[in-house]
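Okay, so here's the structure we're looking at.
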Amino acid sequence: MLTEILIQIRNELTNQISLAKNKDNKINSKKLVQQSDILNEKIVSSKISEEDKLMLQKFSSSLVQGNSTARSLRYEKQDLERVISNLNYFN
């Protein structure tokens with residue numbers, strides 16, 4: 001289900017942001033890339049509108065851009081919250 005993977009992505013973003021606050025820790029985007037792949041698979045098989053699919057695909061592609069700062073991850077998390085909000089509004 002889409003909601004489950006979106007929640008997992010939100011949790012991973014929160015985790016990476018928390019880790020990035022410590023300057024000794026580097027951001028590991030490997031799990032986010034894997035989750036993006038899973039999200040893409042679920043988007044294709046979902047019964048949501050084409051507009052929602054496009055919104056999710058844009059978000060998913062932003063996850064694999066190699067975000068390397070806590071700040072960029074916070075922006076990703078904000079985008080995710082908007083995506084979830086939009087999906088909940090229309091569904």
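The values are calculated or read from the model by the stated rules, or taken from the named source; none is laboratory data. Every value quoted in this text rests on a predicted model; they were computed, and no experiment measured them. All Cβ positions, glycine included, derive from the backbone under ideal geometry; neighbour counts span all protein chains shown. Only protein heavy atoms, including side chains, enter the accessible area calculation; ligands, DNA and RNA are left aside. Shrake-Rupley method; radii C 1.70, N 1.55, O 1.52, S 1.80 Å.
Structure notes:
- Qualifying residue in segment 15-30 (condition: within 15 Å of Ile5 (Cβ to Cβ) and among the basic types (Lys, Arg)): no
- Selected residue (criterion: most open to solvent (accessible area, probe 1.4 Å)) from residues of segment 34-73 that are modelled with pLDDT under 90 and not in a loop (DSSP other than H, G, I, E, B): Arg71
- Flag if Ile5 is under 11 Å from the mean Cα position of the chain (by Cα) and either under 13 Å from Ser60 (Cβ atoms) or assigned to a loop (DSSP other than H, G, I, E, B) (or both): yes
- Cβ-Cβ contacts under 6 Å between residues 6 or more apart (or on different chains), taken from a first residue in segment 11-22 that is more than 17 Å from Gln34 (Cα to Cα) to a second residue that is of a type in the set (A, V, I, L, M), are listed as Ile17/Ala70; Ile17/Leu73; Ala20/Ile27; Ala20/Ala70.
- Summed over segment 22-42, residues that are out of contact with any helix residue (DSSP H, G or I) (no Cβ under 6 Å at 6 or more places or on another chain) and basic (Lys, Arg) total 3.
- Close pairs (8 angstrom Cβ cut-off, 6 or more residues apart or separate chains): more than 18 Å from Leu6 (Cβ to Cβ) and of a type in the set (Ser, Thr, Tyr) in segment 59-77, modelled with pLDDT under 85 and crowded, with 18+ Cβ neighbours inside 10 Å anywhere: Ser68/Ser29; Thr69/Ala20
- Segment 15-33: number of residues that are open to solvent by 70 Å² or more (accessible area, probe 1.4 Å) and part of a loop (DSSP other than H, G, I, E, B): 6
- When we screen Val44, Val83 for residues that are hydrophobic (A, V, I, L, M, F, W, C) and under 11 Å from the mean Cα position of the chain (by Cα), the only hit is Val83.
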